[in-house]
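Notes for the one structure printed next.
Each value in this text was obtained by applying a stated rule to the coordinates, not by laboratory testing. Bear in mind that the values here come from a model prediction, so they are computed numbers and not experimental data. So basically every Cβ, Gly included, is an ideal-geometry build from the backbone, and we count neighbours across all protein chains shown.
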Amino acid sequence: MKKKNFWLVILIIGFSLLGADVEKSAARKNEESFYKELELFTNVVSIIKKYYVSEVKAKPLIYGALRGMLSSLDPYSQFMDPDFHKEIQIETEGKFGGLGMVITIKETFLTVVSPLEGTPADRAGIKPGDKIIKIDDELIRGITVMDAAKKLRGKKGTSVKLEIAREKSPKVLKFTIIRDIIKIKSIKNAHLIPDTKIGYIRIVEFQKRTADDLKTSLQKLGKDELKGLILDLRNNPGGLLDSAIDVTDEFIKKNKLIVYTEGRNPEERRNYYSKRKPVLPEEISLVVLINKGSASASEIVVGAVQDWGRGTILGTISFGKGSVQNVIPLSDGSALKLTIAKYYTPKGVCIEKKGIEPDIIVELPEVKEGEETKDLQLERAIEFLKKKKVNGKPVQE
């Protein structure tokens, strides 16, 4: 090796080692800073225990600190005490007592993601995007999702009062809603549109059995004879990531990227591909209906269908929740719900706070109380499929 090249190699190695040392040093400083702040926390706890006007028990104090800690991260991370953790587990089984709506914190306001179809919240007229200002006459600015959920849930037959700010409404809206047992069926409706060979399936939430229920519904509709399918994901707040992937698998060609997630480190990227031949034949036209209440797992399905050109998205822009949360159980029965990654559509789009824009935008007019309502989005979807041609023939025969 020439002397010049030798010293060049030594120089490169030296810079590499220096870079590694700098990186380690920065990591060490971050860790030291973290533990220094942790010392501040323990000092505050000690001061409260010693000087607060009343005797303070450790667990409520720590639980309160954990709630604040998790809520400071993002709108979706939260600390769940043992009782609330049990309620959440019951909810995932599809049955709980309350109003029937999914909530989150958006721009510091407690915001309705979506009312669940057929529930007290839905019947009362609660809409996606509604901002809850008061619960039972109490201002709730700064409340956590967990604390709000505790106030909204309760025994069947009891009532809760809400004051809501709604976009385009000049005044605060007041509701008194009677709680009920909320039973969530993943697929709410599956039928043929009269006088056509167009199928309609509405998925309310993504649960463990959603993909299996979808297959069953398609079989009952006579999937091989269908000329078109409308998949209604309006006001679907999401659910299980695996369920959304399995549902998308029924429409997308085998070995296609459905979604990928990325955590803090690049090596944590996970790709999710379609694994089998789709249940719905490719030649059957697909329209997916979405609106402001379509969030999370719903947007995974919509993103894949849109990016791969498998179907046409119709309605209004979706909610925009592009993050993934894991529930991590703790030793005392409590749990952390922690954002661990963001998800991206096949084309690499993260829809967090942006939502997905439909291919065909159809707005619904504001409906006054007592007025008859027409589902203009569904009507437009039917009209679109009737005009669609497959192998040179119209969808409607």
(message) Which one, Gly142, Phe79, Ile356, projects farthest toward the positive side of the charge dipole computed for the chain from Cβ point charges (K/R +1, D/E -1)?
(response) Ile356
(message) For the ranges 342-353, 325-336, what's the packing order if you count other beta-carbon atoms within 10 Å of each residue, average per peptide, and put the highest first?
(response) 342-353, 325-336
(request) Using only Cα positions of the stretch 95-183, each an equal point scatterer, no hydration layer, compute I(q)/I(0) via Debye at q = 0.20, 0.23 Å⁻¹ and quote the log10 values to two decimals. (result) -0.89, -1.20
(request) Determine which aspartates and glutamates satisfy two conditions relative to Lys353: a Cα distance under 18 Å, and not lying fewer than 8 residues away in the same chain. (result) Asp74, Glu107, Asp130, Glu167, Glu262, Glu299
(request) Could you tell me what percent of the DSSP beta bridges with both partners in the chain are antiparallel, to the nearest 5? (result) 75 percent
(request) Would you mind telling me which residue in Glu39, Glu117, Glu366 has the biggest mean-square fluctuation in a Gaussian network model of the chain, where springs connect alpha carbons within a distance under 10 angstrom? (result) Glu39
(request) Order the peptides 312-324, 249-261 from the highest to the lowest mean number of other Cβ atoms within 10 Å of their residues. (result) 312-324, 249-261
(request) Go through Leu257, Thr119, Phe175 and say which Cα lies farthest out towards the positive end of the charge dipole of the chain; charges sit on Cβ, +1 for Lys and Arg, -1 for Asp and Glu. (result) Leu257
(request) Report the charge-dipole magnitude of the chain in Debye, nearest 20, computed about the Cα centre from +1 at each Lys and Arg Cβ and -1 at each Asp and Glu Cβ. (result) 600 debye
(message) Please compute the length gained on full extension between Asp332 and Asn265, using 0.36 nm multiplied by the number of residues separating them and subtracting their Cα-Cα distance.
(response) 21.1 nm
(message) What does the net charge come to around Gly64 if you take all other residues with beta carbon closer than 13 Å to its beta carbon, with K and R at +1 and D and E at -1?
(response) +1
(message) Under a crude label model (7 Å from the Cα following the beta-carbon direction), how far is Glu352 from Leu73 in nanometres?
(response) 1.2 nm
(request) For a footprinting-style exposure proxy, rank Ile88, Ile300 by other Cβ within 10 Å, fewest first. (result) Ile88, Ile300
(message) Let's test this: bin the Cα-Cα distances of the stretch 164-213 at 10 Å from zero up to the farthest pair and state each bin's percent.
(response) 19, 24, 27, 26, 4
(request) Would you mind ranking Arg123, Arg269 by Cβ crowding within 10 Å, fewest neighbours first? (result) Arg269, Arg123
(request) Could you give the DSSP H helices of the chain that reach 18 angstrom or more along their long axis (alpha carbon positions) and whose average Kyte-Doolittle hydropathy is no lower than 0.5? (result) 58-71
(request) Using just the helices of the chain, give the 222 nm mean residue ellipticity in deg cm²/dmol: DSSP H runs with n ≥ 4 each add -39,500 (n - 2.57), and the total is spread over all residues, rounded to 500. (result) -10500 deg cm²/dmol
(message) Let me check against my output: what whole-number percent is the relative contact order of the stretch 168-279, with C-alpha pairs under 8 Å and at least 6 apart?
(response) 20 percent
(message) Suppose we take every Cα in the stretch 219-338 and form the convex hull; what volume per residue is that in Å³?
(response) 139 Å³
(message) From the gyration tensor of the Cα coordinates in the chain, what semi-axes in whole Å does the equivalent ellipsoid have, largest first, with each one equal to sqrt(5λ)?
(response) 42, 34, 18
(request) List His191, His85 from most exposed to least, where exposure is judged by having the fewest other Cβ atoms within 10 Å. (result) His191, His85
